[in-house]
Amino acid sequence: MTRPNTHYADLQDSYLFRRIAQKTARFEQEHPGTHLYRMGIGDVSLPLCDAVIRALHEAVDDQAHADRFHGYMPECGAPFLRETIAAHYGSRGVSVDADEVFVSSGASDELGDILDLFDPSSSAMVIEPAYPAYVDANVMAGRPVVHVPACEEEGFLPRPCESARADVLYLCSPNNPTGAVYGKAQLQEWVDFANDCGSVILFDAAYEAFIEDEELPHSIFELEGARTCAIEICSLSKTAGFTGTRLGYTIIPRELVRCGMSLHDMWVRNRTTKTNGVSYIIQRAGAAVFTPEGQQQIREGIAVYKRNAQVLMRALGAAGIWYCGGRNAPYLWLRCAGGMGSWEFFDYLLREIQVVGTPGEGFGSCGEGYFRLSTFGDPQDTIEAARRLECLLTQR
Ligand code: PLP
């Protein structure tokens, strides 16, 4: 009898979005015709920008001509895209070689696949509340998970401590779900900790494009010593609306060596074995994001989400609700009003003002009592949701 990977039986039921969908469907059934203000979505709502659409069309046309046609692409990424991304880092003062850039189909794929680099017994530290894939990818592989709770008193940005010791350290900044962002000094503490312990940081920078405060780091490689202890995982999903188009990139420095083995070289070997690269058409679209025109256009899209954030922040501020995030991240993380639990608050907002958010408890038990609002929704809906939130929560 074939034995399945029994570690799958250890996974917690991923009930969060299913339960939200069930509750909203029931509400809609009982209140036909009622409009819901969906502030829970983690997907983008704006279309791809013109520069990307043009690149996609041109790349499709290339595939129709024998002299411009592309078959298999290099497994680690097309040189034109790897060089473009390395130059983008260079323009921010971070030196990265093109062959340290690995093109991927998105951050989710990489966050799971990258575990191949570590011994099967390696432990992973996850700061919670957290993006659920970190814990689940490790549980599936039967790896021990060290849970580090984050709390309001430290702005949901815990510092390294003895109980955070693990082989692999997940850091996500700007954070999903809390929207909290590490400053340089705080992130430097994690880099120093990882180098002292011999750990490897997996730095999830999926939301770096939302950072507007100049002093905040976009990349872990802005910190001294990061090249010997960190891998950076990035995505164009939220930066440029590629959630359905699928493109990301991962930076693995050549200096990242453990037990005499180069993790960079191991990843080259991994990719050349387990993938045949990302499609030419999509990589062309990705390269268009980094042109001056593409950068200008994606900034305009991000500005729309940032205006949504400002509207929601103003409403929460006026209602006297504690929150973090929003300024440098597309999520706001707030304390549920009146000491309510996360699901109680979810039901309350749905019932009273038809606003749908995400209960914090779904991101780990220490998210209980908190709630996530997303800024990726429709601007008109966001304005009305903010008005309703302010009105309801000010009354309390
Ligand atoms: N990392 C974080 C923190 C995310 O929130 C998400 C998506 O919501 C991802 C990674 C996945 O990004 P991708 O669409 O590139 O797979």
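The values are calculated or read from the model by the stated rules, or taken from the named source; none is laboratory data. Given the structure is predicted, the values throughout are model-derived calculations rather than measurements. We place every Cβ from the backbone using ideal geometry, glycine too, and count neighbours over all the protein chains shown.
Meeting the requirement of 3 or more residues that are modelled with pLDDT of 95 or more and within 18 Å of Gly179 (Cβ to Cβ), the helices (runs of 4 or more DSSP H) wholly within the range 201-289 are 237-240. Among the residues of the range 156-193, which ones are assigned to a loop (DSSP other than H, G, I, E, B), buried (at least 17 other Cβ atoms within 10 Å of the Cβ) and of a type in the set (Gly, Ala, Ser)? Hits for the range 156-193 are Ala166, Ser173, Gly179, Ala180. Candidates Glu83, Glu58, Glu28, Glu100: the one that is in contact with a helix residue (DSSP H, G or I) (Cβ under 6 Å, 6 or more places away or on another chain), at pLDDT 95 or above, acidic (Asp, Glu) and surrounded by 13 or more Cβ atoms within 10 Å (Cβ to Cβ) is Glu83. Within the range 238-251, is even one residue more than 16 Å from the ligand (Cβ to nearest atom) and touching a residue at least 12 places away in the same chain (Cβ under 8 Å)? No, the range 238-251 contains no residue that is more than 16 Å from the ligand (Cβ to nearest atom) and touching a residue at least 12 places away in the same chain (Cβ under 8 Å). Here Asp136 meets each of (1) surrounded by fewer than 15 Cβ atoms within 10 Å (Cβ to Cβ); (2) in a helix (DSSP H, G or I) with one exception, condition (1).
Tyr305 satisfies every condition listed in (1) outside the structural domain of Arg372 (by TED's automatic domain parsing); (2) in a helix (DSSP H, G or I) except (1).
Here is a yes/no grid of residues against (1) in the same structural domain as Asn175 (by TED's automatic domain parsing); (2) crowded, with 21+ Cβ neighbours inside 10 Å; (3) among the charged types (D, E, K, R):
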{"residue": "Arg284", "(1), (2), (3)": "yes, yes, yes"}
{"residue": "Gly320", "(1), (2), (3)": "no, no, no"}
{"residue": "Cys324", "(1), (2), (3)": "no, yes, no"}
{"residue": "Leu332", "(1), (2), (3)": "no, yes, no"}
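On the given criteria, is Ile114 at pLDDT 95 or above, assigned to a strand (DSSP E or B) and among the β-branched types (Val, Ile, Thr)? Against the criterion (at pLDDT 95 or above, assigned to a strand (DSSP E or B) and among the β-branched types (Val, Ile, Thr)), Ile114 does not qualify. Here Leu216 meets each of (1) among the hydrophobic types (A, V, I, L, M, F, W, C); (2) more than 16 Å from the ligand (Cβ to nearest atom); (3) surrounded by 20 or more Cβ atoms within 10 Å (Cβ to Cβ); (4) under 20 Å from the mean Cα position of the chain (by Cα) with one exception, condition (3). For first residues located in the range 15-32 and within 25 Å of Ala133 (Cβ to Cβ), partners that are aliphatic (A, V, I, L, M) and lie 6+ apart or on another chain with Cβ distances below 9 Å form the pairs Ile20/Val356; Lys23/Leu350; Lys23/Val356; Thr24/Leu36; Thr24/Leu350; Thr24/Val356. Only one of the numbered conditions (1) within 16 Å of the ligand (Cβ to nearest atom); (2) of a type in the set (Ser, Thr, Tyr); (3) surrounded by fewer than 24 Cβ atoms within 10 Å (Cβ to Cβ) is violated by Ser235, and that is (3). Residue pairs whose Cβ atoms lie under 7 Å apart, sitting 6 or more positions apart in sequence or on different chains, and linking a residue in the range 186-215 that is touching a residue at least 60 places away in the same chain (Cβ under 8 Å) and closer than 19 Å to Pro158 by Cα to a partner that is among the charged types (D, E, K, R) and within 12 Å of the ligand (Cβ to nearest atom), are Tyr207/Lys238. Applying the criterion of being in contact with a strand residue (DSSP E or B) (Cβ under 8 Å, 6 or more places away or on another chain) and among the small types (Gly, Ala, Ser) to the residues of the range 111-163, the residue that is farthest from the ligand (Cβ to nearest atom) is Ser163.
Listed here are the helices (runs of 4 or more DSSP H) enclosed by the range 1-110 that have at least 2 residues being within 16 Å of the ligand (Cβ to nearest atom): 16-30, 79-91.
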